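Data first, discussion second: the structure below is written as structure tokens.
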Amino acid sequence: MRRLSFFWPPAARRTSARIRVWFLGAVLCLCGVALAAPSARADDNALQAVTALAQAGARQLALERMDRLQPDPGRDPVGWMNWEHERLYILQNEQNWRGVVSRVGHLPAGLPADFVRWARTQAAASDLKLGRGQDARRLLRALIWSPGAAADPETFALWRRMVIRSYLLDGRVNDARTALARYRQDYGAQNGESRLLQARVALQSGHPDDAVRLLANAESHEARALDILARLRTASAAPDKLYAQAAGLAAKAAKDPRGEADLWAAAAAAARAAGDRERVITALEHCLAVMPDGPGDALLEPDADALWTAYLDYGHYLGNGKQLLVGKDDQWYFAATDALKADPVKARALFAVLAFTTTDPARRNVAHEYLASMIAKLPDGNRLLARLYLHSKRFPGPDSLPLPVRYRLVDYALGRSDLTLASRLMAGLDQPPAGTDPLDWQLRRARVLIRANQAAAGTALLDQVLKQHPSLDKKALDRFVQVIFDLQTVERQRDAIGLLERLLTRKLPLQRRRELLFWTADSYNALRRYKEAGALYLESAIVQSPFAMDPWAQTARYHAAGALAKAGFDGDARRLYQGLLNATHDPSRRMVLRHQIDQLLDAPQVPEPEGGKQGASE
């Protein structure tokens, strides 16, 4: 547990909106400084703080804060739109295209038309990222025909280009050509984006010569990838030379994941045309490892099943050369392990064949484990592994995933703080992976369930842990309590209290008992059960001695006084504050304590409650 400074709440052990910097607030009150800034300024400051969290990489935490802090659109529509603009930007950075579409699909009524048009444009772009051309067109048509839409010619042209892309995405090439012809009549074909769109239509409609002409002197990574593909289809250059060109450009495009992926996809197409199976695999592995989420390019087709096909094609080719028989698992296993160091690509291909041809579940898991461990060691390997297994038709759901891979993907999801994916992958996984502490696995499952809005299931799992482990060592208890903090964070205070009180029935070191008493008091305080909270805070202070005044005891006494004052026990609160005043010589702290005592003295006098009667409702 974190060591506490004087008067700093022990609740500081977690980042939470409930952290109470009471000292600063009290000093500001005494100095006559307003604690509440004007609403607009406060909202701006809060939004800046949330934006800073997202920029630092904690995007999911930022979105959770937004859920609580975003202004009500009915009372403050301008403030709400400022927050929503930032929210959609964060979702886009997370590549959470479904999240963007969902938010825009539930916009409140009465927003300005400009904002609605902007938001729906983001939703249409997200539908395109998801490969949903028809859904994108539905939004785009409404935008194009909306009143005042043509007032912004640049955005209007963008919508029309997006419509053409949606047709290409759905394979409706004739519709794309018709829409493109009308677009060219209105806008010409001078800008690079328009020429790129024409080249796509030409390629998809079987006119690669036109694409080569349109892409002459192309500069963007996307355009150069399409140019390589067009020249490959016109046979105007040797496939092996085109592969070298695409791979060389991809190696220099690391700052543009979409462009890098397109170039590696073009390299894979060139390697396929050259009959170089190993290079096909190498290019597709690079492509899928860096490709942003969402469907790949319809022309270049870089998807998970393309890589599986390449593995199996190469594996069978190697097996035929070695005269390996399908069904003779030992032959395939030894051939794959022999190639592990000398030629890893060959090893991956052979393990892929074994994984899909063996009828022995144990050998299937072994083959997938070898394959997964090799992939994970590649650059961006965990991302490639996730795409290969989670985005393939060969594995329609978590239950169909090989267990060793499923455990790896759980770790991948947790590493990205993707609790939704982690929860989906963990469902039904009761046993820990080999070599993992069973208790640690149960606590990880409980934490995922709690943070993924399944707190009841997470609490049940923690209850099971307590039943299975009559005693917990220091490290295990620390991990257990951290999960209880998650319950408190999601406002499951009663569940937290039940677990903490069960821990308190056990034999514990005095300092640990102090901590658990304080955390239990925190939950009672959050429930506004101030009498119970005050008693527990005070018990935390005096568990070692009724006269304890060490830093922990002083902090606990201060919180006990605050809770008892709210419960109507003003006399007890005054005595606790006075005891703290007698024990400290720091001028600023003494000022705070005198202020608290004065407030209690100035409050309307009411009879102190008799024992057993609480002065505040729960």
### Query
Does residue 194 satisfy being free of Cβ contacts under 8 Å to residues at least 40 places away in the same chain, under 30 Å from residue 255 (Cα atoms) and among the polar types (S, T, N, Q)?
yes
Is it the case that the range 204-221 has a residue that's over 21 Å from residue 268 (Cα atoms), in a helix (DSSP H, G or I), under 37 Å from the mean Cα position of the chain (by Cα) and without any contact (Cβ under 8 Å) to a residue 60 or more places away in the chain? no
Considering only helices (runs of 4 or more DSSP H) wholly within the range 480-545, the ones with at least 3 residues that are without any contact (Cβ under 8 Å) to a residue 60 or more places away in the chain and assigned by TED's automatic domain parsing to the domain that holds residue 573 are 510-526, 530-542
Taking the range 582-600 and the residues there that are of a type outside the set (D, E, K, R), more than 24 Å from residue 567 (Cβ to Cβ) and surrounded by fewer than 16 Cβ atoms within 10 Å (Cβ to Cβ), the one that is modelled with the lowest pLDDT would be 588
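In the set 200, 138, 177, 165, which member is in a helix (DSSP H, G or I), among the charged types (D, E, K, R) and over 23 Å from residue 231 (Cα atoms)?
138
Might you check whether a residue that is out of contact with any Cys (no Cβ under 7 Å at 6 or more places or on another chain), aliphatic (A, V, I, L, M) and loosely packed, with under 15 Cβ neighbours inside 10 Å occurs anywhere in the range 429-445?
Yes, that holds for at least one residue.
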Considering the range 483-507, residues that are surrounded by fewer than 20 Cβ atoms within 10 Å (Cβ to Cβ) and closer than 24 Å to residue 558 by Cα, and then whichever is farthest from the chain's Cα centre (by Cα), we arrive at 504
Open item on the list: Residues that are polar (S, T, N, Q) and under 24 Å from residue 394 (Cβ atoms): does the range 240-251 have at least one?
Closed with: no
**Message:** I'd like to know if the range 424-437 contains one or more residues that are farther than 26 Å from residue 518 by Cα, under 21 Å from the mean Cα position of the chain (by Cα), modelled with pLDDT under 90 and not hydrophobic (A, V, I, L, M, F, W, C).
**Reply:** yes
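If we only count helices (runs of 4 or more DSSP H) wholly inside the range 236-326, which ones have 2 or more residues that are within 25 Å of residue 127 (Cα to Cα) and touching a residue at least 24 places away in the same chain (Cβ under 8 Å)?
Answer list for the range 236-326: 257-274, 277-290, 304-322.
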Residue 354: passes all of (1) touching an Asp or Glu at 6+ places or on another chain (Cβ under 7 Å); (2) in contact (Cβ under 8 Å) with a residue 60 or more places away in the chain but (2)
Of all helices (runs of 4 or more DSSP H) fully inside the range 20-70, the set with 1 or more residues that are polar (S, T, N, Q), surrounded by 14 or more Cβ atoms within 10 Å (Cβ to Cβ) and at pLDDT 60 or above is 39-55, 59-69
Counting only residues that are closer than 16 Å to residue 489 by Cα and surrounded by fewer than 21 Cβ atoms within 10 Å (Cβ to Cβ), the range 509-527 contains a total of 2
Among the residues of the range 446-455, the number that are crowded, with 19+ Cβ neighbours inside 10 Å, more than 18 Å from residue 469 (Cβ to Cβ) and out of contact with any Leu (no Cβ under 7 Å at 6 or more places or on another chain) is 0
Only one of 186, 170, 135 is in contact with a helix residue (DSSP H, G or I) (Cβ under 9 Å, 6 or more places away or on another chain), outside the structural domain of residue 231 (by TED's automatic domain parsing), buried (at least 16 other Cβ atoms within 10 Å of the Cβ) and at pLDDT below 90, namely 170
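The values are calculated or read from the model by the stated rules, or taken from the named source; none is laboratory data. Computed from a predicted structure; not experimentally measured. When we count neighbours, we look across all protein chains shown, and the Cβ atoms used for this are built from the backbone with ideal geometry, even at glycine.
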